[in-house]
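Data first, discussion second: the structure below is written as structure tokens.
The values are calculated or read from the model by the stated rules, or taken from the named source; none is laboratory data. Treat the numbers as computed from the prediction; the structure is a model and nothing was measured. Please note: Cβ atoms are built from the backbone with ideal geometry, for glycine as well, and neighbour counts cover all protein chains shown.
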Amino acid sequence: MSSKIEQLIDDIEDFIDQCKFKPLSSTHIIVDKGQIDGLLRELRVKTPDEIKRYQKIISNKEAILADAREKAANLINEATVQTNALINEHEIMQQAYAQANEVVTLASNQAQEILDTATIEANTMREAAMQYTDDMLANVENIIAQAMEGAAFRYEQLMTGLNNCYDTVKANRAELFPMAGLEDLDDDSTEPKTLDVI
């Protein structure tokens with residue numbers, strides 16, 4: 001923030017910049033004496049007030065510096081006391097850190113052992129479960145294969161028996177009507193049925 005003196009000096013510079021040059025000159029200007037005198041008078045009036053303000057700021061600055069020095073000294077004293085206390089506790093802290101590191105290392109080793117054991121057990125159980133499942137599936141596979149073979153054998157026997165019966169019935173009919181041809185005996189209802197083997 002600029003002071004009143006700085007503002008007045010800026011006003012004087014602006015005033016000079018707005019003045020016209022003398023004819024045939026680039027360095028001399030025509031100045032309104034009344035206006036420049038008014039600005040200079042105001043500058044003279046404001047200067048003592050500004051000087052007082054600066055003196056007050058300077059005296060406040062000294063008080064602020066003195067207060068800061070006192071606070072700094074207090075902080076240094078407190079830091080010294082704390083440093084001495086920390087130095088006394090340093091050995092205890094080192095022992096505590098060493099014990100803590102030892103406990104952490106021991107816990108990490110135990111955790112790793114537990115994890116390794118659990119992994120081995122899990123792999124063993126997995127392999128056993130897979131072997132058991134494979135054995136069960138092989139047993140089921142054998143049962144199904146035997147059932148299919150038995151069913152195919154029984155079906156073949158059934159078809160053989162039915163064909164024998166069919167031939168017997170047809171022969172008996174032919175004996176009932178020896179003079180009639182087979183064409184007369186056979187119709188759609190007596191056509192031999194062909195069964196598809198599934």
Checklist line | Residue list for segment 63-101, restricted to those being surrounded by 10 or more Cβ atoms within 10 Å (Cβ to Cβ) and among the charged types (D, E, K, R) | finding: Asp67, Arg69, Glu70, Lys71, Glu78, Glu89
Checklist line | Condition check for Ser108: part of a helix (DSSP H, G or I), modelled with pLDDT under 80 and either among the small types (Gly, Ala, Ser) or in contact with a Leu (Cβ under 8 Å, 6 or more places away or on another chain) (or both) | finding: no
Check: Inside segment 158-190, can you point out the residues that are in a helix (DSSP H, G or I), at pLDDT 65 or above and of a type in the set (A, V, I, L, M, F, W, C)?
Finding: Leu158, Met159, Leu162, Cys165, Val169, Ala171, Ala174, Leu176
Note to self: Tell me yes or no: at least one residue of segment 50-57 is of a type in the set (Phe, Trp, Tyr), under 27 Å from Lys4 (Cα atoms) and either at pLDDT 85 or above or assigned to a helix (DSSP H, G or I) (or both).
What the structure shows: yes
Checklist line | Qualifying residue in segment 15-37 (condition: out of contact with any Lys or Arg (no Cβ under 6 Å at 6 or more places or on another chain), at positive phi and not in a helix (DSSP H, G or I)) | finding: yes
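With the structure loaded, tell me whether Lys20 is touching a strand residue (DSSP E or B) at 6+ places or on another chain (Cβ under 6 Å), loosely packed, with under 11 Cβ neighbours inside 10 Å and modelled with pLDDT of 80 or more or whether it fails that test.
yes
Taking the conditions exactly as written (within 15 Å of Asp10 (Cα to Cα) and either in contact (Cβ under 8 Å) with a residue 40 or more places away in the chain or surrounded by fewer than 11 Cβ atoms within 10 Å (Cβ to Cβ) (or both)), does Thr47 satisfy them or not?
In short, yes.
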